[in-house]
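Notes follow the structure.
Taken together, the values in this text are just the output of simple stated rules run on the coordinates, not laboratory data. Everything quoted here is computed from the prediction, not taken from an experiment. Cβ coordinates were reconstructed from backbone atoms using ideal geometry, including for glycine residues, and neighbour counts include every protein chain displayed.
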Amino acid sequence: MIHTRVIVVKNPDEMGKAAADLFETAIAAKPACVIGLATGSTPLPLYRELIAREKAGKIDFSRVRSANLDEYKGLAPDHPQSYRKFMQENLFDHISIKPENTIVPLGLAEDIPAMCQAYEDQIEDWGGVDLQLLGIGHDGHIGFNEPEDTFPGMTHEVKLTDMTIDANKRFFDSIDDVPKAAVTMGIGTIMAAKKIVMVVTGADKKEILRKTFWGPVDPQVPSSILQFHPDVTLICDEAAYPF
Ligand code: GLP
């Protein structure tokens with residue numbers, strides 16, 4: 001682990017504040033910056049903090065652009081479990097970001113490869129991601145990049161593993177309702193971000209966190225590629241910190 005800065009905080013709320021500091025700094029330095037956003041339960045304290053800080057006049061999202069990591073294949077943007085809906089409800093509807101400045105992959109696209117290329121092109125037109133937020137799955141997936149024999153490059157369609165389907169079934173009525181595929185930024189897309197902040201909380205993430213930053217770089221642990229990124233900040237709580 002050469003480049004990673006590690007910040008260990010007491011609990012998820014403190015994680016939210018520490019991560020919000022990075023976003024506040026990035027947006028103050030570049031009001032039209034491009035942020036990469038993530039779903040899952042882990043970022044929720046951060047999103048609450050960002051909403052509070054804009055209300056308190058500390059952050060201005062009106063010129064910020066955002067690109068989300070991933071979306072379930074086959075879910076419409078207004079489906080209750082879609083990641084677009086998650087972002088609207090947990091962040092976008094409560095801040096001044098302009099709707100046209102938020103992008104989430106389109107799970108319903110008929111031509112998925114063309115949509116993926118357009119997604120990459122949009123990020124490139126914006127000048128690339130300045131600050132990318134990541135959570136982590138129990139198998140080391142980032143976005144929906146699951147363990148594979150090689151690190152996938154750009155935005156693409158993926159088949160979800162049984163472990164991920166099982167972990168995400170809590171959001172659906174039954175496991176059969178969980179989509180079996182998704183569209184995700186690739187490892188290459190993620191690694192092209194200028195800065196990355198990974199947030200990890202809870203004892204159930206301790207082992208995968210150890211493998212990510214203190215184990216070998218291995219596509220079977222997709223998150224381990226982050227050891228090769230020059231500017232990663234890991235913010236984890238005491239429960240998740242492996243030492
Ligand atoms: C999903 C998302 C990931 C996220 C992961 C962990 O699979 N695609 O981006 O990191 O869930 O979610 P949680 O934070 O709820 O553990």
Are there any pairs with C-beta distances below 6 angstrom linking a residue in segment 51-71 that is among the hydroxyl-bearing types (Ser, Thr, Tyr) to a residue that is away from the ligand (no atom under 16 Å from the Cβ) and part of a loop (DSSP other than H, G, I, E, B), with the two at least 6 apart or on different chains, and if so which?
Ser62/Ser96
Search result, residues across segment 62-101 that are within 15 Å of the ligand (Cβ to nearest atom) and either in contact with a His (Cβ under 7 Å, 6 or more places away or on another chain) or among the aromatic types (Phe, Trp, Tyr) (or both):
Tyr72, Tyr83, Lys85, Phe86
Taking segment 210-220 and the residues there that are surrounded by 15 or more Cβ atoms within 10 Å (Cβ to Cβ) and either of a type in the set (Lys, Arg) or within 16 Å of the chain's Cα centre (by Cα) (or both), the one that is nearest to the ligand (Cβ to nearest atom) would be Thr212
Which of the strands (runs of 3 or more DSSP E) found entirely inside segment 102-209 contain at least 1 residues meeting this: within 13 Å of the ligand (Cβ to nearest atom) and closer than 30 Å to Ala29 by Cα?
131-134, 181-184, 195-200
Among the numbered criteria (1) within 19 Å of the chain's Cα centre (by Cα); (2) closer than 19 Å to Cys33 by Cβ; (3) away from the ligand (no atom under 16 Å from the Cβ), which single criterion is violated by Ile59?
(1)
